[in-house]
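Read the structure below first, then the notes.
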Amino acid sequence: MKPITAVLLGAGSRGRYIYGPYAEKYPNDLRIVAVAEPDEGRRRQFAERHGIEADFAYASWEQALEQGRIADVMIVGTLDRMHFAPAMKALALGYHVLLEKPMSPDPAECVRLEQASQAHGRLLIVSHVLRYSPFWAGIKRIIEAGELGAIATIQLTENVGYRHMTHSYVRGNWRKSAESSPMILAKSCHDLDILSWLMGEPCGSVSSFGSLLHFKAEHAPEGATDRCIDGCAAERDCPFSALKLYNQPPDHPWARYITSDLSPGGIAQALREGPFGRCVYRCDNDVVDHQIVNLAFASGANATFTMSGFTEGGSRRVQIMGTHGEIRGDMEEGAFTLYRFKTGEQVEFISGAAGDGHGGGDEHMVRSFVQHVRQFDRSPAAGLTSASASLQSHLMAFAAEQSRLNGGQAVRLSEMLEALGAES
């Protein structure tokens, strides 16, 4: 069976560490035949690793799309505000599209993407990878089997982890809403999507509170310099020191995202010259570092979501309270417990994906996408995280941010859809 061929737009972290490795691990499933990446070093390294000819290694997504349709699928892994235009053009050219979340930072563009997928008769799969993980898929099966009765309340907590918070949302690409997305969309649309999916019904209204509490200039310690590497008097005792975060041999879990030269000199240069060496109190960030969201659903059920950057590690914990039972789970541990009210039983479920940031969902998502593409002409199906399936959770995120900016005032999703000219 021939592999599905793909054009990859963006050889950043997802391109290099999710889609590229999948193609290497399963060459009969997926073959990346072209790449577009503005960073010359990344572009060259990715092309060499995947045997991509020089004529098919482009400096921009525009160049890649000028060639017409040259593969079966387009994987859009560009930055948030560069999702809409390439995805729309790819659909028009006849590509099936795998689109990184969020679909777009603009709610109207999200609606237009969903409509374009329908109009062109192409798959548009959004990378809400958590739905594909054994942990969340197992919980969904328990709910669908009726074990909980009717869901009354879900409480979901996302512990972002202070390392991830400072790397991505204080120093990194997602630090400013105007340049990427609000935190609730950039980071937590995964979580709102899970809540939407588990509830399985329309969301009526949303309210939210949150702020940028800590990572701002007035909290800089005495003697702090603009960069951690500049002899900062507070660096030794600072938990957010860039020197501590990026000098972690031999694996360099964070440094690999800021430079391809992982030698001490290469890392030092990146910290001296690039954005990731800056003091967390002297960056130009404006996204929140903590937020809560309250959600009311059509049946009267409700959900609460809490996101915080002030945690040791990154994990998600969930409690689902139903009329006949309860579930409590920890995604990082890859385990959840079902409590049956009628019998008093406690049943433990182990997903087998402990320690994986997305619980094994990344690989399952790509495999599912490939299978849907193979079968599409014979048996077209929208897919688990199609644009249509993902639209509600995106609107929940937009509503949450609108509410947060207006002092927690509730936002009705039906009114938001009406304003966008979309059907509820």
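The values are calculated or read from the model by the stated rules, or taken from the named source; none is laboratory data. It should be emphasised that the depicted structure is a prediction, and the values quoted were computed from it without experimental measurement. Using ideal geometry, Cβ is built from the backbone for each residue, glycine included, and neighbour counts are taken over all protein chains shown.
Looking for whichever is out of contact with any strand residue (DSSP E or B) (no Cβ under 9 Å at 6 or more places or on another chain) and either assigned by TED's automatic domain parsing to the domain that holds residue 295 or closer than 30 Å to residue 389 by Cβ (or both) here; the options are 235, 201, 222, 179. Which one fits? Explain how you work it out, then say what you get.
Working: 235 fails: either assigned by TED's automatic domain parsing to the domain that holds residue 295 or closer than 30 Å to residue 389 by Cβ (or both); 201 fails: out of contact with any strand residue (DSSP E or B) (no Cβ under 9 Å at 6 or more places or on another chain); 222 fails: either assigned by TED's automatic domain parsing to the domain that holds residue 295 or closer than 30 Å to residue 389 by Cβ (or both).
Checking each option against the conditions leaves just 179.
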Just one listed residue, out of 91, 185, is part of a helix (DSSP H, G or I), of a type outside the set (D, E, K, R), out of contact with any Leu (no Cβ under 8 Å at 6 or more places or on another chain) and crowded, with 23+ Cβ neighbours inside 10 Å, and it is 185
Applying the selection to the stretch 392-424, what residues are farther than 14 Å from residue 204 by Cα, in a helix (DSSP H, G or I) and out of contact with any Gly (no Cβ under 8 Å at 6 or more places or on another chain)? 401, 402, 405, 419, 420
Looking only at the stretch 229-263, how many residues end up being in a loop (DSSP other than H, G, I, E, B) and without any contact (Cβ under 8 Å) to a residue 60 or more places away in the chain? 20
Specify the residue that is surrounded by the most Cβ atoms within 10 Å (Cβ to Cβ); the eligible residues are those in the stretch 94-133 that are more than 21 Å from residue 37 (Cβ to Cβ) and of a type in the set (Lys, Arg). 131
Residue under evaluation residue 178, criteria (1) in a loop (DSSP other than H, G, I, E, B); (2) at pLDDT 95 or above, criterion not met: (2)
In the list 64, 34, which residue meets the criterion of being modelled with pLDDT of 95 or more and in a helix (DSSP H, G or I)? 64
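Among the candidates 258, 292, 267, single out the residue that is of a type in the set (A, V, I, L, M, F, W, C), under 29 Å from the mean Cα position of the chain (by Cα) and assigned by TED's automatic domain parsing to the domain that holds residue 152.
Numbers: 258 fails: assigned by TED's automatic domain parsing to the domain that holds residue 152; 267 fails: assigned by TED's automatic domain parsing to the domain that holds residue 152.
None of the other options fit; the residue is 292.
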In the stretch 376-421, which residues are touching a helix residue (DSSP H, G or I) at 6+ places or on another chain (Cβ under 8 Å) and of a type in the set (Phe, Trp, Tyr)? 398
Of the residues in the stretch 277-314, those that are more than 29 Å from residue 410 (Cβ to Cβ), surrounded by fewer than 21 Cβ atoms within 10 Å (Cβ to Cβ) and small (Gly, Ala, Ser) come to 313, 314
In the same structural domain as residue 183 (by TED's automatic domain parsing), among the polar types (S, T, N, Q) and within 17 Å of the chain's Cα centre (by Cα): which single residue out of 351, 315 fits that description? 315
Is it true that residue 408 is at positive phi and touching an Asp or Glu at 6+ places or on another chain (Cβ under 9 Å)? no
For the stretch 1-24, enumerate the residues that are within 20 Å of residue 361 (Cβ to Cβ) and either without any contact (Cβ under 8 Å) to a residue 40 or more places away in the chain or in contact with a His (Cβ under 8 Å, 6 or more places away or on another chain) (or both). 16, 17, 20, 21, 23, 24
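Any chance you could count how many residues in the stretch 141-166 are in a helix (DSSP H, G or I) and either among the polar types (S, T, N, Q) or buried (at least 24 other Cβ atoms within 10 Å of the Cβ) (or both)? Spell out how you get there, then give the answer.
To start, the set of residues in the stretch 141-166 that are in a helix (DSSP H, G or I) comprises 141-144, 162-166.
Next, only the ones that are either among the polar types (S, T, N, Q) or buried (at least 24 other Cβ atoms within 10 Å of the Cβ) (or both) stay: 165-166.
Adding up the residues that qualify gives 2.
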Pick from the stretch 1-31, criterion in contact with a helix residue (DSSP H, G or I) (Cβ under 7 Å, 6 or more places away or on another chain) and assigned to a loop (DSSP other than H, G, I, E, B), ranking: modelled with the highest pLDDT: 29
Cβ-Cβ under 6 Å, sequence separation 6+ or interchain: first residue in the stretch 40-68 and in the same structural domain as residue 23 (by TED's automatic domain parsing), partner assigned to a helix (DSSP H, G or I) and among the basic types (Lys, Arg). Which pairs? 57/43; 65/89
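If you check residue 201 against the conditions, is it assigned to a loop (DSSP other than H, G, I, E, B) and within 23 Å of the chain's Cα centre (by Cα)? Working first, answer last.
Values: assigned to a loop (DSSP other than H, G, I, E, B): yes; within 23 Å of the chain's Cα centre (by Cα): yes.
When the stated conditions are applied, residue 201 passes them.
Given the criteria in contact (Cβ under 8 Å) with a residue 40 or more places away in the chain and of a type in the set (Phe, Trp, Tyr), does residue 341 qualify? Spell out the reasoning first.
Details: in contact (Cβ under 8 Å) with a residue 40 or more places away in the chain: no; of a type in the set (Phe, Trp, Tyr): yes.
Criteria not met by residue 341.
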